[in-house]
Structure formats: structure tokens, C-alpha cells
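The values are calculated or read from the model by the stated rules, or taken from the named source; none is laboratory data. These numbers come from a predicted model, not from an experiment. With ideal geometry, Cβ positions are generated from the backbone for all residues, glycine too; neighbour counts draw on all protein chains shown.
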Amino acid sequence: MSKPHVNYALDPKPIGIGGQAEVFRARDKQSNQFVAFKRLLPNLRMDKDATARMKREIDVQFGIKHPNIMPILDYSEHYYWYTMPLAEQSLMDMPNPIEYLQILQIIEEIASGLEFAHKFGNIHRDITPRNILECKSADGNTRWVISDWGLVRRIGNTSAIRTSPGYQYGTEGFAAPESGLDAHFVDARADVYSLGRVVAWCMSGILPLQNIPLNPDGPLQDFILRTTKLYPHERIANMNDILKMIKELKNTTI
């Protein structure tokens with residue numbers, strides 16, 4: 001790990017910019033392979049909270065080995081940057097509405113990755129179409145992976161990173177309502193909620209409004225309603241139950 005930054009040739013312009021980091025396509029000069037290179041924005045590299053979040057993101061994402069979680073290939077010893085496989089596209093790049101069986105397959109893969117992460121106490125807190133990426137495997141097949149673990153909450157971990165009660169963590173329209181009350185107390189049901197909102201977007205192409213109940217129709221209406229209840233105790237409880245529900249939906253289409 002921790003090759004010097006000079007071992008990567010970055011494209012002149014980023015392929016994505018967020019609130020704390022930017023992502024470039026880059027060529028690994030040693031392997032001559034293209035990767036995605038994510039680094040903190042220049043003005044945040046001396047910010048203790050920003051670097052602590054990047055460290056947490058790297059620690060969690062590097063530590064979780066699952067085919068539906070974006071792997072980290074390399075990272076800086078100062079946690080300013082890391083590399084990962086270059087994705088084919090994000091879910092946000094796909095035209096809507098997405099075909100029903102394809103939605104089931106994508107959500108099954110993402111739920112599988114989240115179930116694994118939840119077993120180790122990691123709550124993503126920012127499941128959105130932009131953070132669900134399509135990657136090509138070594139055998140040429142594609143799979144969907146969860147990326148951008150910058151807002152991950154590690155249950156049972158006392159963090160020194162500052163959070164503000166009343167501040168909405170996550171992406172507007174997809175973040176669970178409780179994440180705006182006290183982000184330290186969200187659990188797996190927050191990711192359940194966000195995944196349900198992603199399914200609604202896949203069906204309609206309409207970005208949901210924050211905390212506004214959905215009024216879906218179509219074959220995934222029940223799934224969306226059961227995952228996006230306003231109160232956590234009214235929702236489907238975990239990813240295992242979601243996987244069971246998806247299996248039942250697949251069986252009814254055979």
C-alpha cells in the first residue's frame with residue numbers, strides 16, 4: 001500500500017466532485033492500468049474532521065471484502081487519497097425507467113453488500129443512485145457495488161469526528177429522516193429507507209423530496225412503501241428481510 005502519489009498520472013479534469021473530495025481517472029504507472037483516484041479537496045487536507053472521515057472511509061472500505069462493495073486498491077499513508085477500480089457507470093447514468101427484472105437484480109446485489117457490512121456494524125448512511133456503481137469483473141461479467149463510504153457510521157465506535165444534531169447527513173431525498181435528528185443513532189433501517197427510495201427513483205426517474213412520503217405504483221409498490229416508512233420501527237427491519245422479499249418477487253415472475 002501507499003505508493004507515492006507520483007506513481008499515478010491523473011487526467012486533467014475530475015470525473016466527479018463532492019463536498020469533500022474529487023475523483024479522477026488515473027493511470028497506474030507501474031501496472032499501466034486505469035483506476036479511479038479519489039482525493040480530498042485541496043482546501044480540506046489540513047482539516048482534521050475531513051481527514052478523519054477519509055481515514056474512516058478507507059479503514060472501513062478496505063476492511064470489508066465483499067463482491068458488492070467497492071474495493072480499495074491503494075491509499076496514502078496520510079489518508080489524503082485512495083484508488084479503486086474504474087467503474088463502467090453509476091446507477092444515476094442509466095436511463096429511466098429501469099426494467100423491472102434488472103431493478104431486482106441490482107437491488108439484490110446492493111442489499112447483499114449492505115447485509116454483509118451491517119454484520120460488522122457498518123451503516124453506510126448515503127445510499128443513492130450515484131453511489132451504486134457498475135464494475136466489470138476479471139471474467140468480463142459485471143456487478144453492482146456500493147461506493148463512497150465517507151458517511152459510514154460504525155456502531156459501537158466512539159468517534160471524535162464532530163457531528164451536529166439537526167444537520168441532515170446523507171443526500172437530500174434519499175437520507176432517512178432520523179439521520180437529521182442525531183446521526184449517531186441511525187441503524188440498518190436507515191440504509192433500508194435509502195434503498196427503498198433508490199428503487200422508487202429507478203421506477204420513475206423522479207428524484208424524491210426529503211421526508212416527503214412516496215406514492216408509488218407498479219409491481220414494486222409494496223416494496224417501496226414497506227421500506228420507506230417515516231418511522232424506523234415501521235419499516236422492513238434489515239437487509240436479510242429485503243433479500244427474502246426480492247427472492248419472492250423473482251419467483252413470482254418465473
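Of the residues making up segment 169-192, at least one is part of a loop (DSSP other than H, G, I, E, B), at pLDDT below 75, assigned by TED's automatic domain parsing to the domain that holds L101 and farther than 27 Å from P97 by Cβ. A count restricted to segment 116-140 and to residues that are in a helix (DSSP H, G or I) and farther than 21 Å from Y169 by Cα stands at 2.
So is V6 out of contact with any helix residue (DSSP H, G or I) (no Cβ under 8 Å at 6 or more places or on another chain) and touching a residue at least 24 places away in the same chain (Cβ under 8 Å) or not? Judged against the criteria, V6 is not a match. For segment 28-58, the tally of residues that are crowded, with 17+ Cβ neighbours inside 10 Å and not hydrophobic (A, V, I, L, M, F, W, C) stands at 7. For R56, the criteria (1) of a type outside the set (F, W, Y); (2) under 16 Å from the mean Cα position of the chain (by Cα); (3) at pLDDT below 95; (4) part of a loop (DSSP other than H, G, I, E, B) hold in every case but one, which is (4). Please tell me if A9 is part of a strand (DSSP E or B) and surrounded by fewer than 16 Cβ atoms within 10 Å (Cβ to Cβ). It is true that A9 is part of a strand (DSSP E or B) and surrounded by fewer than 16 Cβ atoms within 10 Å (Cβ to Cβ).
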